[in-house]
Amino acid sequence: MRARGRVRVVAVLCEECWDRAANDFALDEGATATPPGEPGPDDLGWIEASVCPRCGREVRAYRTNYDRWVHLEDEELPPGEVPARFRWRLMRRYARHTEVVVETVAVRVRAVDPWLGEWVVPAHGMRCEPV
């Protein structure tokens with residue numbers, strides 16, 4: 001058993017129980033994107049946005065707090081323009097004792113509405129329409 005969560009602790013569970021819980025979170029929140037592949041030494045594709053296989057629009061894949069992946073749009077919007085079930089926030093993790101960002105983690109905006117002036121990143125599912 002160990003504490004699980006990338007930005008904040010989600011639960012203290014064994015590996016098997018964590019996988020089951022994380023999969024349930026992912027299904028509930030729509031975080032069902034496939035993780036990007038490992039880039040080669042000369043590959044710069046990880047910098048560029050990937051393309052949604054359903055609609056052909058550019059999307060970015062972000063790791064969630066519970067180690068699953070979600071496709072998010074590139075732009076932030078005011079919360080009033082994004083239905084509550086599609087609202088995400090990007091949180092940055094920093095290297096210890098520095099201001100160097102080592103990872104960006106997607107966290108679902110759930111229980112509390114965002115503050116006035118705080119923007120959210122919509123999930124790609126909000127705009128995804130098959131061609």
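What pairs come up if the first residue lies in segment 86-101 and is closer than 18 Å to TYR62 by Cβ and in contact (Cβ under 8 Å) with a residue 24 or more places away in the chain, the second is part of a loop (DSSP other than H, G, I, E, B) and open to solvent by 50 Å² or more (accessible area, probe 1.4 Å), and their beta carbons are under 8 Å apart, counting only those six or more places apart or on different chains? Close Cβ pairs (under 8 Å, with a partner that is part of a loop (DSSP other than H, G, I, E, B) and open to solvent by 50 Å² or more (accessible area, probe 1.4 Å)) amount to MET91/VAL7; ARG93/ARG6; ARG93/VAL7.
Of TYR66, TYR62, all but one fail to be in contact (Cβ under 8 Å) with a residue 12 or more places away in the chain, in a strand (DSSP E or B) and either aromatic (Phe, Trp, Tyr) or more than 17 Å from VAL7 (Cβ to Cβ) (or both); the exception is TYR62.
Condition check ((1) at pLDDT below 90; (2) at positive phi) across all residues:
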position: ARG57; (1), (2): yes, no
position: LEU90; (1), (2): no, no
position: HIS97; (1), (2): yes, yes
position: VAL100; (1), (2): yes, no
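Taking the criterion of being under 17 Å from the mean Cα position of the chain (by Cα) and assigned to a helix (DSSP H, G or I), the residues of segment 80-102 that qualify are ALA84, ARG85, PHE86. Give segment 111-131 a look and list any residue that's surrounded by 12 or more Cβ atoms within 10 Å (Cβ to Cβ) and charged (D, E, K, R), or say none. Residues satisfying the conditions are ASP113, GLU118, ARG127.
The values are calculated or read from the model by the stated rules, or taken from the named source; none is laboratory data. Predicted model only: the values in this text are computed from it and were never measured. Cβ coordinates were reconstructed from backbone atoms using ideal geometry, including for glycine residues, and neighbour counts include every protein chain displayed. For accessibility, only protein heavy atoms count, side chains too; no ligands or nucleic acids. Shrake-Rupley method; radii C 1.70, N 1.55, O 1.52, S 1.80 Å.
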